[in-house]
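Accompanying notes for the structure given below.
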Amino acid sequence: MKKHIPNAITCCNLISGCIATTFALFGNLPMALFWIIGGAVFDFFDGMTARLLGVSSPIGKELDSLADVVTFGVAPSAMVFYELGVLDYPAQLELLRPALPYFAFIMAAFSALRLAKFNLDERQTMGFIGLPTPANALFWASLLVGSSNVIEKSQWSVLVLIVMLLVSCYLLVSEIPMFALKFKQWGWRGNEVKYLFVIISAIMLLLFRLSGFALVIAWYVVLSLFTARRPEQQ
């Protein structure tokens, strides 16, 4: 029985992603964010449970990626799809209104590609190469929920979102090293970047609440870029 527990948790992640996608398509973005966060919680505990029970398996790894594609690829793409459908468009782009929202699902495709690369990449044991899909999903979900009033004020937000979408797709499959919150020891020395990230992130979440997740992910990318450049400068 215990060998099925991690896979059951992974399936809860997948179901969370399906529910998030449904809420997104019906325009309830706060609930979509809630279920994406729920999926992230399940995603955190399925691997931990498998290691604790000693029941890691190839099928669990594949199932985890399939669930992540839904929760962290399709669900945030559906949120962007809805937002692109309700925004005011500049007159020059009005003819594209029926088609342009579907462009959002390119992020689902790049998320799937990122997950496929991750499964084959042996360099990502203590860190990541490219932006992790949960981080990307939380960025978009938090941005659309916490900053919807700002986004919907400008007609040109459509173009801004499209450009940001392309940037996030690039980051998903890029070769940029990004740190993970994995500690070999708990001392400050050697973990300065991780502790700095946690401290600043906590402050952002306290100050900005829902929008804070988007700021935390942006801070994560900036800090990763900075740490990735440091060896070149030495």
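The values are calculated or read from the model by the stated rules, or taken from the named source; none is laboratory data. These figures come from a predicted structure and were not determined experimentally. With ideal geometry, Cβ positions are generated from the backbone for all residues, glycine too; neighbour counts draw on all protein chains shown. With ligands, DNA and RNA removed, areas are computed over all heavy atoms of the protein, side chains included. Shrake-Rupley method; radii C 1.70, N 1.55, O 1.52, S 1.80 Å.
Miscellaneous remarks
- Among (1) at pLDDT 90 or above; (2) in a loop (DSSP other than H, G, I, E, B); (3) over 19 Å from Gly39 (Cα atoms) - the single one Leu171 does not satisfy: (2)
- Looking only at residues of region 153-176 that are among the polar types (S, T, N, Q) and more than 21 Å from Gly127 (Cβ to Cβ), we find that the one that is nearest to the chain's Cα centre (by Cα) is Ser157.
- Note on region 91-127: among residues that are under 19 Å from Leu159 (Cα atoms) and of a type in the set (D, E, K, R), the one that is surrounded by the fewest Cβ atoms within 10 Å (Cβ to Cβ) is Glu94.
- Residue that is surrounded by the fewest Cβ atoms within 10 Å (Cβ to Cβ) [pool: residues in region 174-195 that are part of a helix (DSSP H, G or I) and among the charged types (D, E, K, R)]: Glu192
- Pair list, Cβ under 8 Å, 6 or more apart: region 197-217 residue on the phi > 0 side of the Ramachandran plot, other residue open to solvent by less than 80 Å² (accessible area, probe 1.4 Å) and not in a loop (DSSP other than H, G, I, E, B): Arg209/Gly146
- Flag for Phe44 being at pLDDT 95 or above, within 22 Å of the chain's Cα centre (by Cα) and under 21 Å from Leu172 (Cα atoms): no
- Extreme residue, farthest from Val163 (Cα to Cα), among residues of region 90-123 that are in contact (Cβ under 8 Å) with a residue 40 or more places away in the chain and of a type in the set (S, T, N, Q): Asn119
- Residue within region 152-163 that is open to solvent by 50 Å² or more (accessible area, probe 1.4 Å), out of contact with any Cys (no Cβ under 7 Å at 6 or more places or on another chain) and part of a strand (DSSP E or B) present: no
- Phe72 over 15 Å from the mean Cα position of the chain (by Cα), in a helix (DSSP H, G or I) and closer than 20 Å to Ser16 by Cα: no
- Among residues of region 25-54 being closer than 15 Å to Phe213 by Cα and aromatic (Phe, Trp, Tyr), the one that is most open to solvent (accessible area, probe 1.4 Å) is Phe34.
- Conditions (1) closer than 28 Å to Lys184 by Cβ; (2) in a helix (DSSP H, G or I); (3) open to solvent by 30 Å² or more (accessible area, probe 1.4 Å); number of the one not met by Glu62: (1)
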